[in-house]
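Working notes, beginning with the structure itself.
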């Protein structure tokens, strides 16, 4: 049995977020069987009220470097590409690169039409209602029951989903520009600035919340 801290320290509340990693006993299943190994990785056992967790899966996210790597990478990719085209292509075209100007003038309207076609659904109210229902259940389950993994995935996914209407608005504006770069570039530049502002606000807010969550559950603020 592997211990991050001893069971005595856990029971005494010295380490509020300490974790005991131990095999899970499953009734009626041989410990050496494949089924037991699967169940041992899927079953999460919560410990006593002092905060000590006995579990085989760790859902810690805000103190996990991989969560922050995925979080920053997702927003970097989201702000870096405009309708499937890197933003520096637009800057190069604006600076007089004729080949790049011809390239973005063709690819951007094509990507905009594809996005508009894919966004056309028969029952938009039903789809957005379903998304709202799932998001509400997700958020309530995450924050009401103080589940760190659900909170982290909620803060990662929901802001990216809410940026989609902004991207769709850009696609509709680009599709009406008749492949004219001089008309498209100011629209793309304005979209880029708005997206960067949203990204900065979201990254700052989520980072601040993650720090607060770690301090709160490590006993620093208690």
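Just so you know, all these numbers are worked out from the coordinates, no wet-lab data involved. Computed from a predicted structure; not experimentally measured. All Cβ positions, even for glycine, are placed from backbone atoms using ideal geometry, and neighbour counts span all protein chains on display.
Of the peptides 97-108, 118-129, the order by per-residue mean of other Cβ atoms within 10 Å, starting with the highest, comes out as 97-108, 118-129.
I'd like to compare 133-146, 179-192: which one has the highest average count of other Cβ atoms within 10 Å, and what's the full order after that?
Ranking the peptides 133-146, 179-192 by packing returns 179-192, 133-146.
Quick one: compute the contact order of the range 67-210, relative version, from alpha carbon pairs under 8 angstrom and 6+ residues apart, as a percent. Once normalised by length, the contact order is 30 percent.
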